[in-house]
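Contents: one structure, followed by commentary.
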Amino acid sequence: MTVTPSNPDGPVVIHLSDEERDTGVLTPLHMFEAIDAFFVDGVVVLENAVEVKYIDALNERMVPDTEELKRNEDKIHWNQGRAKGNVSQNPPLEKEYMYPQIYANKPAAAVMANIFGPRPQIRYIRTNTLVGNTADRQAVHKDCSFDHLSHPFHMALNISLVDVSPENGSTELWLGTPRIAEYDDISPGIMGIKPERLEERRKIRPPCYPSIKRGSVVLRDIRTWHAGMPNHTDKTRIMLAFGYQAAWHGCTLRTPVPESLRETIGQLEEHNNTEFCVTYVPDDQFDNLYSAFNADFSSAIKPERGSVQWGAVPSWQKGY
């Protein structure tokens, strides 16, 4: 059994008013705090960003899907193996469950637009589902195994469908690591952050295991080191995992969705001024439970004058 260490540290939690939640217009103080926390820690929590009634309805719809997946384990993707109990699951891509407060969250979009620029792009729509009674933990990792930029370009938006605590698998977060993240954090072909890097960082700022209320939206820089933890309860913990990118980053990843959602997705884009980067699939060819996916968040752009991302000499040394 994995024992979760005690640590009083944790991400900044900003409790939104109902008006901020519904309009997406944060107070100047809240916007300032959200952006500052994201750049300093790599994570910020927007509490009361989604009405709980939508969270509960989606959880009720998804738990039976999880049980169906568990009966067909050979067909599903376990994140870092079966022992960790973490299933990569599709949320129900069905019109009646595509709630704007979840799929086009206004407060989150406002924060993202202030960091990334206009019309952030949602390119990844999945769920990290942690089944009950698991005993193993994930290796500490970051969600970008490529030679990434040294500043924010991709944000994971996580919405847990139940209250989360260390007891039911709160994610281990290594706050502040985007500020030191580099490609050399990992060894190619080996899962996880290098042990020596972890121990260096642990001396400065050890990981934390926050308790987060349902109805919260967690925004995380994908360069942040983190790890899935065991679920010591017998209840499944479902966490939506959406990936948003800056439009300028040039990622080409697209998520498959049924053709019948074309109008709904157009409405969601208008709702919070984001862009859904999707591929429409005929409904009779779309399998919501077992659809294929990938998580290539890299850029297709190769700057003419080079970039530190691809090993070029920094521009300040070239006289630009």
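Scanning for something in contact (Cβ under 8 Å) with a residue 60 or more places away in the chain, farther than 18 Å from Ile238 by Cα and of a type in the set (A, V, I, L, M), does region 115-124 turn up at least one residue? Yes - at least one qualifying residue is present in region 115-124. Within region 258-271, not a single residue is within 30 Å of Asp147 (Cβ to Cβ), crowded, with 17+ Cβ neighbours inside 10 Å and in contact with a helix residue (DSSP H, G or I) (Cβ under 9 Å, 6 or more places away or on another chain). Taking the numbered list (1) part of a helix (DSSP H, G or I); (2) within 17 Å of Gly24 (Cβ to Cβ) in turn, Ile159 passes all entries but (1).
How many residues does region 22-31 hold that are in a helix (DSSP H, G or I), among the aliphatic types (A, V, I, L, M) and surrounded by 17 or more Cβ atoms within 10 Å (Cβ to Cβ)?
The number of residues fulfilling the criteria is 1.
The residues of region 7-21 that are closer than 19 Å to Asp36 by Cα and either more than 22 Å from the chain's Cα centre (by Cα) or assigned to a helix (DSSP H, G or I) (or both) amount to a single one, Glu20. Between Glu182, Glu200, Glu196, Glu172, the distinction of being more than 23 Å from Ala109 (Cα to Cα), surrounded by 18 or more Cβ atoms within 10 Å (Cβ to Cβ) and of a type in the set (Asp, Glu) belongs to Glu172 only. Restricting to region 279-311, and then to whatever is of a type in the set (A, V, I, L, M) and modelled with pLDDT of 80 or more, can you tell me which residue is nearest to the chain's Cα centre (by Cα)? Per the stated criteria, the residue is Ala295. The requirement of being among the hydrophobic types (A, V, I, L, M, F, W, C) and modelled with pLDDT under 95 is not satisfied by Ile159.
Counting only helices (runs of 4 or more DSSP H) that sit completely within region 32-116, those holding 3 or more residues that are within 20 Å of Leu261 (Cα to Cα), of a type outside the set (Asp, Glu) and at pLDDT 95 or above correspond to 52-70, 100-103. Any idea which of Ile212, Ile222, Ile238 is crowded, with 22+ Cβ neighbours inside 10 Å and closer than 15 Å to His151 by Cα? The unique qualifying residue is Ile222.
The values are calculated or read from the model by the stated rules, or taken from the named source; none is laboratory data. Predicted model only: the values in this text are computed from it and were never measured. In this analysis, Cβ positions are derived from the backbone assuming ideal geometry, glycine residues included, and neighbour counts consider all displayed protein chains.
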